Every structure is written in structure tokens, then in C-alpha cells.
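Any read-out appearing in this document is the output of simple, stated calculations on the displayed coordinates, not a laboratory observation. The shown structure was predicted, so the numbers you read here are calculated from the model rather than taken from an experiment. So basically every Cβ, Gly included, is an ideal-geometry build from the backbone, and we count neighbours across all protein chains shown.
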Amino acid sequence: MDEKRIYKPLDVLSNDEIKEMLNRNQLDELLTLPLSVSENHTNWKFAQDICAQLSNHESPAVRANAVLGFAYIARTKGKLEKHIVKPIVLRELRENHQYNWRILDSIDDINMFLKWKLGKSATEGN
């Protein structure tokens with residue numbers, strides 16, 4: 001991994017700022033958007049919807065961070081809609097090989113905080 005990682009607090013974004021970032025579709029912004037929204041937005045459903053939207057992005061990194069965003073919501077808000085989140089997470093587990101480790105970590109967190117059993121056959125060896 002040659003990329004330099006910079007750790008900083010996640011931005012607290014207004015709904016207008018979030019919409020602007022989605023419209024700009026700039027990769028560097030979209031990589032952190034699901035994390036910022038999931039960690040800091042007061043409306044868990046809004047955050048879940050943003051993550052669901054970003055889970056269809058062309059970039060596997062953005063999609064993986066959208067799944068990680070679900071884990072943040074599970075940890076900070078204690079809520080997710082299983083009928084929406086489960087198919088997305090399992091699709092990314094099957095298809096997003098580049099970020100499989102992040103998907104697996106996210107599944108572990110979702111399962112722990114929400115008492116779900118997503119991807120149990122895939123995560124039992126971890």
C-alpha cells in the first residue's frame with residue numbers, strides 16, 4: 001500500500017453540504033461521506049439512505065465505505081433496517097473482493113451491535 005493515510009476527525013455536514021457532495025461526485029469527498037454522515041448525522045435513517053445510495057457507486061472503495069457506514073450507524077445509533085441493509089452488505093461481501101477485509105470487519109460490527117447474523121458462514125473463520 002503506497003497510499004498515505006491521513007487521520008482526522010470526520011466532518012459534521014449539513015444536509016445541503018451532503019447533497020452538494022453527492023452532486024459533485026468527487027471521489028475524495030465520497031470516500032469519507034458515508035463515514036461522516038453515519039458517525040455524525042442525528043437522523044439514522046437519513047444516514048442509512050446515504051450509505052445505501054453510495055453502495056451503488058462505481059468505486060469499490062466508496063461502496064466498501066458505505067458498508068462501513070452501516071457499521072458506524074449500528075454502533076452509534078443502534079438501528080438499521082435489515083431488509084435494506086442485508087442485501088447490500090451480502091452483495092458487497094460476494095462482489096467487492098478488493099475491500100473484502102473492510103466488508104468483513106463491518107459485518108462483524110453490525111452483527112455485534114445489532115445482534116444480527118449476517119454472513120455467518122463467511123465470518124466464522126475470522
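How about the stretch 1-108: which trypsin sites (Lys or Arg not before Pro) there lie in a loop by DSSP and see at most 10 other Cβ atoms within 10 Å? Kindly include the intermediate steps, with their values, before the conclusion.
On the way: sites: K4, R5, K19, R24, K45, R63, R75, K77, K79, K82, R91, R94, R102; in loops: K4, R5, K79.
In loop regions of the stretch 1-108 (DSSP not H, G, I, E or B), the sparsely surrounded trypsin sites (Lys or Arg not before Pro) are K4, R5.
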Exercise for the section: Please compute the Cα-Cα pair-distance distribution of the chain with 10 Å bins starting at 0, giving whole percents from short to long. Expected result: 14, 47, 33, 6, 0
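Please report, in debye to the nearest 20, how large the charge dipole of the chain is about its Cα centre when each Lys and Arg carries +1 at its beta carbon and each Asp and Glu carries -1 there.
Taking the Cα centre of the chain as origin, the dipole is about 580 debye.
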Completion exercise
Fewest to most Cβ atoms within 10 Å: T42, T76, T32 sort as T42, T76, T32
Fill in the blank from the handout: Expected sort for H97, H57 with the fewest Cβ neighbours (10 Å cutoff) up front is H97, H57
Problem - Label-zone membership for the stretch 59-86, site M112, 7 angstrom Cα→C-beta point, backbone N under 11 Å - result: 75
